[in-house]
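The values are calculated or read from the model by the stated rules, or taken from the named source; none is laboratory data. Predicted model only: the values in this text are computed from it and were never measured. Virtual Cβ from ideal backbone geometry, glycine too; neighbours counted across all protein chains shown.
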Amino acid sequence: MNDVLDAELLDRVRDRLAAEPGDLSPARVATALRAEAGGVLGDTDLLVALRHLQTELTGAGPLEALLADPTVTDVLVTAPDRVWVDCGGGLILTPVTFPDEAAVRRLAQRLALFAGRRLDDAQMWVDGRLPGHGEFGVRLHAVLAPVAQGGTCLSLRVLRPATQGLDALVERGAVRPDAHRLLRRIVSARLAFLVVGGTGAGKTTLLAALLGAVDPAERIVCVEDAAELVPDHRHVVRLVARAPNVEGVGEVTVRDLVRQALRMRPDRIVVGEVRGAEVVDLLTALNTGHDGGAGTVHANSPDEVPARLEALAALGGLDRAALHSQLAAAVQVILHVHRAPDGTRRLVEIGVVERDPIAGVLVVPAWTFAGDAAPGSERLERVLRSREGS
């Protein structure tokens, strides 16, 4: 069997499958196997070869056990003997190794194939999503040498559902009790908010918890690049973007979906992560009667939010002055989450958006984890009372 199903045959089958669009169904793999084997395989050998080939094409090889670990969020390969994992407390070097660089490259290529993408000398990087490993699968990114100078670089992020409620976040110390009461008022008053923080800070977790506190009678439409939001709410519509297939067609962008969400009778529109021109459509939606909208933005502090949104809005043709005007009218609150070096994630600041004649928009602290002076607290209280009394 090993003589018949050699590496050369696997490569030919893989190339054939990569050149043709479609899911990796058993029938499709079997057809490609028969064609490339040239009639050498009998029925028994074909079944054995098919089982082996499906494992070869869809399994994660030496990384399978790491991805199956419920504590692992990221698996990163930077060299055959450098496989790292992140379990929430920083990167840890594992004992997992590959025989050589060629083995890492083969794994990256077959994972790309499983994600419906092509990865070879003509297309040297790939971004996609792998099914399996839970409801949401795994986000795949890979870069081949020589673009990746040290050899094939493979990054896998396990997409775990963000389902915890606000009470659970309070219990584990991620949200202080006084902030918890303030957050519930913000949601109830239908203030629009953005959750900001660095990578892995817990933005999606807090956003999902806040959406779970929304009135059950409201309809939430969530738009995401990769499915992660699963708020504990009875009426949620989830729209997920789609990358183009191997032929370069079929793409559905987050911006496309935000526009569709406007036509779906939403009470609240939520963008899982604002990182492109869709910020223009989201702010437009929030300025046309869709109160209580939300999203997350990658920013290391609330002060960075206006500049970050300026850069994103420029992609959608919105200049600085227009962005600041839209932002000041559309968003009332900024929530900053932070991940400490020991892996602890917590809400560290609640800021209120204010107009400024010079800067355009400022984010003024209204509550801080450290208990520092919060000059924006009175303004936030006024906004809350005006909404609560309406």
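Output the residue which, of all residues in segment 337-388 that are closer than 30 Å to Thr71 by Cα and of a type in the set (A, V, I, L, M), is farthest from the chain's Cα centre (by Cα).
Of segment 337-388, the ones closer than 30 Å to Thr71 by Cα are 337-350, 368-370.
With of a type in the set (A, V, I, L, M) added as a condition, the list becomes 337, 340, 347-348, 350, 370.
Details: Val337: 16, Ala340: 21, Leu347: 20, Val348: 22, Ile350: 23, Ala370: 29 Å.
Once the filter is applied, the top-ranked residue is Ala370.
All of Asp127, Asp121 fail the test of being assigned to a loop (DSSP other than H, G, I, E, B) and either touching a residue at least 40 places away in the same chain (Cβ under 8 Å) or not assigned by TED's automatic domain parsing to the domain that holds Leu9 (or both), apart from Asp121.
When you scan segment 12-85 for helices (runs of 4 or more DSSP H) that lie fully inside it, which ones turn up with 1 or more residues that are surrounded by fewer than 18 Cβ atoms within 10 Å (Cβ to Cβ) and at pLDDT 85 or above?
Working: elements: 26-37, 43-58, 64-68.
It comes to 64-68.
On the given criteria, is Asp178 at pLDDT below 95 and farther than 28 Å from Asp74 by Cβ? Spelling it out, Asp178 is indeed at pLDDT below 95 and farther than 28 Å from Asp74 by Cβ.
From Val170, Val230, Val187, Val158, grab the single residue that is under 26 Å from Arg346 (Cα atoms) and modelled with pLDDT of 95 or more. Don't jump to the end; show me each part of the working.
Values: Val170 fails: modelled with pLDDT of 95 or more; Val230 fails: modelled with pLDDT of 95 or more; Val158 fails: modelled with pLDDT of 95 or more.
Criteria check complete, one pass: Val187.
Provide a single number: the residues in segment 93-104 that are surrounded by fewer than 19 Cβ atoms within 10 Å (Cβ to Cβ) and either assigned to a helix (DSSP H, G or I) or touching a residue at least 60 places away in the same chain (Cβ under 8 Å) (or both). Final tally of qualifying residues: 3. Looking across Glu228, Glu278, Glu247, one residue alone is assigned by TED's automatic domain parsing to the domain that holds Thr344 and more than 16 Å from the chain's Cα centre (by Cα). It is Glu247. Where the second residue is of a type in the set (D, E, K, R) and modelled with pLDDT of 75 or more and the first is within 13 Å of Leu9 (Cα to Cα) and lies in segment 26-45, which pairs have Cβ atoms under 7 Å and are six or more apart or on separate chains? Going by the 7 Å Cβ cut-off, the qualifying pairs are Ala32/Arg16; Ala35/Arg16; Glu36/Arg12; Glu36/Arg16.
For segment 286-313, a residue qualifies if it is touching a Leu at 6+ places or on another chain (Cβ under 8 Å) and of a type in the set (A, V, I, L, M), and the qualifying residues are Ala294, Val297, Val305, Leu309, Ala313. Residue count for segment 266-281 under the criterion of being within 20 Å of His235 (Cβ to Cβ) and at pLDDT below 90: the result is 1.
Tell me the residue from Arg160, Arg219 that is more than 23 Å from Arg387 (Cβ to Cβ), surrounded by fewer than 19 Cβ atoms within 10 Å (Cβ to Cβ) and basic (Lys, Arg), please. Give the derivation first.
Details: Arg219 fails: more than 23 Å from Arg387 (Cβ to Cβ).
Among Arg160, Arg219, only Arg160 is more than 23 Å from Arg387 (Cβ to Cβ), surrounded by fewer than 19 Cβ atoms within 10 Å (Cβ to Cβ) and basic (Lys, Arg).
Condition check ((1) over 30 Å from Gly88 (Cα atoms); (2) surrounded by 16 or more Cβ atoms within 10 Å (Cβ to Cβ)) across all residues:
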| site | (1), (2) |
| --- | --- |
| Asp291 | yes, no |
| Val297 | no, yes |
| Ala311 | no, no |
| Gln326 | yes, yes |
| Val331 | yes, yes |
| Leu362 | yes, yes |
| Thr368 | no, yes |
| Pro375 | yes, no |
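Taking only segment 284-322 into account, find how many residues are touching a residue at least 60 places away in the same chain (Cβ under 8 Å), within 27 Å of Glu218 (Cβ to Cβ) and part of a helix (DSSP H, G or I). Final tally of qualifying residues: 3.
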